[in-house]
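The structure appears right after this line, and notes come after that.
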Amino acid sequence: MLDEKLRPQGNPCSPRPTRRSPQSRTDSRDLNGPWGDQISGKKIGFRIGFQNINGLPIDPRHDIYKTLPEDLAKYEFDIFGAQEINLNLKHLAPSHSWGRRFQGNKVFNIAASNIHTTSQERRLFGGTALFLQPFSSARSTDHGHDDTGLGRWSWVSLQGRQGICTRIITGYRPIKDFSNRPGTVYSQQEKFFHEQGHPRDPRTAFLEDLGVVIRQWTQDGDQVVLGLDTNEYIFSGDIARWVNSLGLIPALQQLHPQLPEVATCDKGSRQIPIDGIWVTPSLDVIYGGMSGFGDCFTGPSDHRLLWIEVSNDSILG
């Protein structure tokens, strides 16, 4: 969902010349349709996608647990990051555990949700997951989650040649909850910080804590691909200052500077992107775009699927 904030004027990113796909979409009349390059057959790069999937079914026998890996392979995603899996992984029965949901397919996957919750319900809002095809998982040297145990983000590292290491991160920043409703992602995290004796605003804490992690990785020389649902205009002052301080650039807007901004969540009437992909400048993003609303294959999500294709040389050496 989108926070109801005034939209800042202008786009602070500075487009740089990039290679363009001959299939790039420039027609701005259909603002609900696909944006950017068409997600057809993979060209010469490494394909990474992200989407807020609005939750996975509780029933592990649901068809999506079979079709999701198949569709990721069909669209040639090397890595796919999901936000808001909305499952209480801590309280799923062994027969309904995360690992059993994708049993029998070749996709390596990890997931994280709030381990501090006192809820016994199987549905718990929030959480993140990553899916890796065999080619990617063979090059993954490590993986992990938000160290607080809140499930705010998940990550994997890929080891390439010449010492190249790239971190792929998927994260969900909660929307401000003014009603203090129990069970919202904001309320869950607010409760955790309060019980720790250090009350913090969960939205601010997300940026601060993830920023510490990313700075450490980049200082170590690692590259970063970051996919987030920020629940805020991605070029707002707060978000722009944050990503600039991390040395990251908005991949899709740099790739298609001539295209109009479009909403990435179809709640509301304003054309404001709240989902984004950011990368370190050393990564060569050669294609990228977004699905249209309703075009995605992850279920009834109200968010677009965002994707980029990075040159193999820049990500794997």
**Prompt:** Counting only residues that are open to solvent by 40 Å² or more (accessible area, probe 1.4 Å) and touching a Leu at 6+ places or on another chain (Cβ under 8 Å), which one in region 117-127 is nearest to residue 231 (Cα to Cα)?
**Reply:** 123
**Request:** Can you tell me which residue within region 264-312, out of those that are under 17 Å from the mean Cα position of the chain (by Cα) and of a type in the set (Phe, Trp, Tyr), is nearest to residue 247 (Cα to Cα)?
**Result:** 278
**Message:** Given the options 24, 28, 14, name the one that is at pLDDT below 95, open to solvent by less than 40 Å² (accessible area, probe 1.4 Å) and of a type in the set (Gly, Ala, Ser).
**Reply:** 24
**Request:** Please give the strands (runs of 3 or more DSSP E) falling wholly within region 128-237 in which 1 or more residues are open to solvent by 20 Å² or more (accessible area, probe 1.4 Å) and of a type in the set (Phe, Trp, Tyr).
**Result:** 153-159
**Item:** Subset of region 239-254 (residues that are in a helix (DSSP H, G or I), open to solvent by 10 Å² or more (accessible area, probe 1.4 Å) and under 19 Å from residue 47 (Cβ atoms))
**Value:** 253, 254
**Message:** Residue pairs, Cβ under 6 Å, 6 or more apart or interchain, first in region 183-194 and touching a residue at least 12 places away in the same chain (Cβ under 8 Å), second buried (at least 23 other Cβ atoms within 10 Å of the Cβ) and polar (S, T, N, Q). List them.
**Reply:** 188/114
**Asked** Out of region 76-108, which residues are in a loop (DSSP other than H, G, I, E, B) and either charged (D, E, K, R) or over 22 Å from the mean Cα position of the chain (by Cα) (or both)?
**Response** 76, 78, 84, 92, 93, 97, 103, 104, 105, 106
**Request:** Could you tell me which residue of region 69-116 is modelled with the lowest pLDDT, considering only residues that are small (Gly, Ala, Ser) and surrounded by fewer than 19 Cβ atoms within 10 Å (Cβ to Cβ)?
**Result:** 104
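The values are calculated or read from the model by the stated rules, or taken from the named source; none is laboratory data. These numbers come from a predicted model, not from an experiment. Using ideal geometry, Cβ is built from the backbone for each residue, glycine included, and neighbour counts are taken over all protein chains shown. Ligands, DNA and RNA are excluded from the accessible area calculation, which covers all protein heavy atoms including side chains. Shrake-Rupley method; radii C 1.70, N 1.55, O 1.52, S 1.80 Å.
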